[in-house]
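First comes the structure, then the notes that go with it.
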Amino acid sequence: MVRQDWKKSVVYQIYPKSFNDTTGNGEGDLKGIIEKLDYLQFLGVDYVWLTPIYDSPMNDNGYDIRDYFKVNAQFGNKEDLRTLIDEAHARGLKIMLDIVINHTSTEHEWFQQARQSKDNPYRDYYFFRRSEDGPPTNWLSKFGGNAWQYDEATDEYYLHLFDVTQADLNWDNPEVRQALYDVINYWIDFGVDGFRFDVINLISKDTFEDSDEIGKEYYTDGPRVHDYIHEMNRHTFGEREMMTVGEMSSTSIEHCIQYTNPTRQELNSVFNFHHLKVDYRDGQKWTNEKFDLLELKRILMDWQTKMYEGGGWNAIFWCNHDQPRVVSRFGSDVNEELRQQSAKTLAIVLHLLQGTPYIYQGEEIGMTDPHFQSIQQYRDVESLNAYREMREAGMDEAEILTILGQKSRDNSRTPMQWNDEAHAGFTTGTPWIEVADNYNTVNVEAAMADPESILYTYKKLIQLRHEHDIVTYGEVVPRYLDHPQLFVYERRYQGNTWLIIANMSSEKVTLPEDLDHSGSVVLQNGIIEGNELDAYATIVVAR
Ligand code: TEU
């Protein structure tokens, strides 16, 4: 494998609204991020990805952009962003912005123009269709309901794969593409170091026909998607040293190899979500299914080995602003000991895989789901729609709340827990969404003070990646894939092997007889006696 040093980088994701509030209005801001840069430098990450900070009505917390060239006044202004970038650079940290170009807010000037008349020059920036009886197709929005919204002004429907206020852009129109490249170039000139591209594999729509499912097959990894991404690469970041990651919805390994193999000049890396659907039931998210460890291992390892063979590159992650907290999901938060133990094990098994690791704010201290008890505590448009639909389907309130408690995107959006003061030190005002009530014990200040805390496991894992080429370049060899509790794999590079053995369960596990864990210990978490691994214990040895 060709050496490329950006591959040793680790990215930290910030959801600005929930990170740190300096004004007391209950919402985080850019100044709040600046205040915490020393903390990120201490942790040792290389890049910081900010979810959208542009002007937006915030129906989907910034993924509905009204003006690509303006900073959202709730977060501050361009001066603040300038200072944030400079201060980050002074600490050796790089900044990635989130680029949302599959759709804009319906409050965007382009859409405002487009909806006025059928011959408006911006009409073809979006997908407007005439239809006599009901919506043009039966496609469903990812946030519930039909994906076409009737617009009275011109008696046509427009397409929105997400919220009704997020209208899909028509990438087949070259003017649209150029306008979006201008946006990216503007931010490159501003001094940012990389980009995360929101749902970028949905930009090429195929024909508009009725679907047996929700319409996915007509826009996922669509017919011209690789041409468009390649063209974007050539017109924008291609010749620069930039970190790029595409968020790929319901994609395939074959496509992701194409998106990321350097010879194709598309993107550096990709997020896929298949490993995070192991607690869905029959493809349905809104269920309270338990997660399936065998399936989790199988999917992760399939992506690891095949992307390696195809010369592709994964982003590796457990958490983001759309996912529940991993310690509550695949670990255990039933008591303090298991929380610490399982959070560390989850960190180790993920960070020693091949790819670019992402840490979502608070993951590094083992933040948990907030376990909300009432619908009043939820804020996310997707959760509120799902609640309404489940109610309409006649489901019982308690059951719905159990499901939301397990699946809602709000699980990850509660305020960052900095200390044990009011509202976890996030704000002096009233937070826009409630703080998880375990902030007295789960907070950054406490974690910093305890050398055994989860935080130091993350710090150590980042260091290992920076210092040992095997973590970046080594081949991944799955072992014991059928074992119901253990997650075992090897990394191999230039004659050296690292063996990672993790007990992913809350029970003690006896290692299989032929699984020899001798070697020099790189990392150990929890108690290992002879051949017995305690709950969520992990060992990493080098040979
Ligand atoms: O998410 C895309 C996406 O499809 C999801 O992860 C989605 O939130 C999940 O499937 C819902 O169950 C991206 C952003 O990360 C998300 O926050 C935005 O809401 C969405 O795009 C629209 O821009």
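The values are calculated or read from the model by the stated rules, or taken from the named source; none is laboratory data. In this text, all values refer to a predicted model and were calculated from it rather than measured experimentally. Using ideal geometry, Cβ is built from the backbone for each residue, glycine included, and neighbour counts are taken over all protein chains shown. Please note that ligands, DNA and RNA were not included when accessible areas were found on the heavy atoms of the full protein model with its side chains. Shrake-Rupley method; radii C 1.70, N 1.55, O 1.52, S 1.80 Å.
Could you tell me the distance between the Cα centroids of region 282-344 and region 171-244, to the nearest Å? Centre-to-centre (Cα) distance: 27 Å. Among residues other than V435 with Cβ under 14 Å from its Cβ, the summed charge is -4 (Lys and Arg +1, Asp and Glu -1). Computed from point charges on the beta carbon alone (+1 for Lys and Arg, -1 for Asp and Glu), the dipole magnitude for the chain about its Cα centre is near 1260 Debye. Partners of K508 within straight-line reach, counting lysines whose Cα lies under 24 Å from its Cα and excluding those fewer than 8 residues away in the same chain: K290, K297, K344. Extension gain, S506-Q494: 0.36 nm per intervening residue step, less the Cα-Cα distance, totals 0.8 nm.
Computed from the C-alpha gyration tensor, the three semi-axes of the ellipsoid equivalent to the chain are 37, 26, 25 Å, from longest to shortest. Given a 1.4 Å probe and every protein chain left where it sits, what share in percent of the accessible area of the chain is carbon and sulfur? Whole-percent figure for carbon plus sulfur exposure: 44. Both radii are taken from the alpha-carbon atoms of region 56-155; with Rh as the Kirkwood radius, Rg/Rh is 1.10.
Ranking Q354, I375, P415 by how far each Cα lies toward the positive end of the dipole of region 306-416 (charges on Cβ) leaves Q354 at the top. If the segment from N335 to D227 were pulled out straight at 0.36 nm per residue, it would be longer than the present Cα-Cα gap by 33.9 nm. Using C-alpha pairs below 8 Å separated by at least 6 residues, the relative contact order for the chain is 13 percent.
Across region 105-168, the relative contact order, built from alpha-carbon pairs under 8 Å that are at least six residues apart, equals 31 percent.
The fraction of Cα-Cα pairs per 10 angstrom bin, counted from 0 for region 105-168, comes to 25, 56, 19, 0 percent, rounded to whole percents. Computed from label points 7 Å out along Cα-Cβ, the spacing between D172 and R82 is 4.3 nm. Over region 474-542, Cα pairs under 8 Å with separation of 6+ residues give a relative contact order of 29 percent.
Across all Cα pairs in region 474-542, the calculated P(r) in 10 Å bins from zero up to the longest distance comes to 22, 57, 20, 1 percent per bin.
The stretch between A393 and E239, if pulled fully straight at 0.36 nm per residue, gains 50.2 nm over its current Cα-Cα span.
Accessible surface for the chain, divided over its residues, is 38 Å² per residue with a 1.4 Å probe. For K118, the lysines whose Cα comes closer than 26 Å to its Cα, not counting residues fewer than 8 places off in the same chain, are K205. Counting only lysines at least 8 places from K94 when in the same chain, those with an alpha carbon closer than 21 Å to its own are K7, K8, K17, K31, K36, K70, K78, K459, K460.
Modelled spin-label separation between N531 and E295, with each label point placed 7 Å from Cα along the Cα-to-Cβ direction: 3.2 nm.
A dipole drawn for region 474-542 from +1 and -1 charges on Cβ atoms has a positive end, and of V477, I527, Y493 the residue lying farthest that way is Y493.
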